[in-house]
Amino acid sequence: MVVRLLITTSVIFTTMVLCAQQSVSLNDAVQLGLVNNYLLKISKNQTDISSRNISYGNAGFLPSVTAYGSLDKAHLNAHQDVLTGNKLDNKNASTTVTSAGIKAEWVLFDGAGMFAKYEKLKGLWKINDLETRISMEYVVQEITLAYCNIIRQLELLKACNQRMKSSNFRYFIARERLDSKLGSEQQWLQADVARMADSSALFKQTSELRKSKIELNRLLAQNVQREFITEDSITLVQIPGLDQLITNSTNFNNLLKIKTEQLMYSKLEEKSLKSEQYPRVLLTGSYGYFENNTEAAFINYNRYFGPQVGLTVGMKLFDGKKLRTSLGNAKINIQNKELQLKDMQEQVSAQLAEMHLDYLCQLQTISLGKKELALAERNLDIAMKAFQTGQISALDLRVAQDDLFQASSNLVNSCYYAKLKETELLTVSGMLLK
């Protein structure tokens, strides 16, 4: 049974090594995700639509040209009396009316409403572009954490393997003592139970490692069964001080930028409403053809064609105070956007302060965790030698095993959570994609 377990464990690790053909760094994963991630592709498409909408035509600067044509036929009962005394009384009179032409309309002036609409189109594009940037930050953050989680799960797997190794050692010693009549069957069974429990934990941890790789492949839009090798450890970057992080967030935080653009958009909405207070000047032009062939009138045939030009000026004098109400609401909306921007600035500063404290705490935990791990490794080494010579009990050895496993777990988890806080700090400060 022991040999079978060792062979099984060896096969697991050998299979993992043989299948892992490709080495992928964190930077490689991020770059691949920025190209392939489906969420980003959707967001970029939305931004592309907003970019396409920015045109003078959509803003109303250019004329509209319409071609038209019609053919109407009718049979009428006609009766007409004219001043000369002539009368027309024709039942079932045939009438054919034909018309065709091209008509153009061009708004020459609308109180600068066209300029406001053009700026609004650019504002929508800026907002969508910033939303894409936020999506990119979200994806990079998810990829970074998923990648580091693989390293964490791999380190936990190593810790499980180390505990399995010491459990096998305990089992062999208990078996030797049982065979030599120096130990009891109960001690051997306890060692076997502990070994089985550690074996089960090892298999579960192997599954967790595999699932973490599946998640990263999903984020990268790759085959979820793809195997690869990651970096050996979680690498932390140098984070600026809190004051510098807050300063950077003022200039680079994309949520703050969106709030600023939304404020500008509200001001353009007000400008667009104000344009309705001014006259509207419309230039029209057409070239048409008209033909009327009828038996229902004294003039049986009528035809004309040619160009026509017109200028229309109109101004809304009263609309039930709707425009006045809309302008008042627009001013309140601007005030709300200004308040939302200030509130967001305070939120960002508070977030950075809290995250920075958590980050420093994790760094301190890592420093202590390294010392704890070194002590736990030394303690287990001493415990195994002492157990082999019968100086300590199996329970003492198990405590040393668990202490080492817990120290290893604490250290790798501290590194992972430090990376989490680091990524959050870079995101909120606007430095993640710089």
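Read-outs throughout are calculated quantities, based only on the coordinates presented, and are distinct from any laboratory measurement. In this text the structure is predicted, and so the values were computed from the model without any measurement. Every residue, glycine as well, gets a Cβ built from its backbone with ideal geometry; the counts of neighbours run over all protein chains shown.
Residue by residue, region 330-344 carries 3J(HN,Hα) couplings of 5, 5, 5, 5, 5, 4, 5, 5, 5, 5, 5, 5, 5, 5, 5 Hz when phi is fed to the Karplus relation 6.51 cos²θ - 1.76 cosθ + 1.60 (θ = phi - 60°); x denotes Gly or Pro. Length gained on full extension, Tyr68 to Asp179: 29.4 nm, using 0.36 nm per residue less the C-alpha separation.
Pairs exceeding a 19 Å alpha-carbon distance, out of Lys342/Lys419; Lys213/Lys434; Lys257/Lys434; Lys204/Lys371; Lys259/Lys342: Lys342/Lys419; Lys213/Lys434; Lys204/Lys371. Label positions at Ile54 and Lys434, each projected 7 Å from the Cα along the C-beta direction, are separated by 2.4 nm. Computed from the coordinates I sent, Cα extents along the principal axes in Å equals one of [x] 67, 61, 39; [y] 66, 50, 40; [z] 145, 53, 35. Tell me the label. From the options [x] 67, 61, 39; [y] 66, 50, 40; [z] 145, 53, 35, the structure gives [z]. Setting aside same-chain residues fewer than 8 positions from Lys91, which lysines have a Cα under 21 Å from its Cα? Lys91 reaches Lys73.
When region 275-434 is described by a simple charge dipole with +1 on each Lys and Arg Cβ and -1 on each Asp and Glu Cβ, the residue from Ala386, Tyr416, Leu341 located farthest towards its positive end is Leu341. Here the Gaussian network model covers the chain, with springs between Cα atoms less than 10 Å apart; of Glu338, Glu176, Glu269, Glu176 fluctuates the most.
For Leu34 and Asn223, calculate 0.36 nm times their separation in residues minus their Cα-Cα distance, and state this gained length in nm to one decimal. Don't skip to the end; give the middle numbers.
Numbers: separation 189, 0.36 × 189 = 68.04 nm, distance 1.63 nm.
Contour length minus the Cα-Cα distance gives 66.4 nm.
Think of each Lys and Arg Cβ as +1 and each Asp and Glu Cβ as -1; about the Cα centre, that makes the dipole of the chain roughly 320 debye.
Reported to the nearest whole Å, the Cα centre-to-centre distance from region 375-434 to region 39-58 is 49. Excluding same-chain neighbours fewer than eight residues apart, no aspartates and glutamates are reachable from Lys181 by a Cα-Cα span under 15 Å.
Distance from the C-alpha centroid of region 213-288 to that of region 98-121: 31 Å, rounded to the whole angstrom. Under the convention that each Lys and Arg Cβ holds +1 and each Asp and Glu Cβ holds -1, the size of the dipole of region 309-434 around its Cα centre is about 980 debye. Projecting the Cα atoms of Val65, Ser367, Asn248 onto the charge dipole of the chain (Cβ charges, centred on the Cα centre) puts Val65 farthest toward the positive pole. For region 81-188, a crude dipole built from +1 on the beta carbon of Lys and Arg and -1 on the beta carbon of Asp and Glu, taken about the Cα centre, is about 720 debye to the nearest 20.
Only DSSP H runs of four or more residues enter the estimate; each adds -39500 (n - 2.57), and after division by the residues of the chain the mean residue ellipticity at 222 nm equals -23500 deg cm²/dmol.
Let's test the formula: R0 of 56 Å, r as the Cβ-Cβ distance of Trp106 and Lys165. What FRET efficiency results, to the nearest 0.05? List each step's numbers first, then the result.
On the way: r = 85 Å, r/R0 = 1.51.
It comes to 0.10.
What order do you get for 245-252, 143-150 when each peptide is scored by the mean count of other beta carbon atoms within 10 Å, highest first?
Working: 245-252: 17.0, 143-150: 23.1.
Top to bottom by mean Cβ count within 10 Å: 143-150, 245-252.
Between the helical axis of 185-219 and the longest alpha-carbon principal axis of the chain there is an angle of about 20 degrees.
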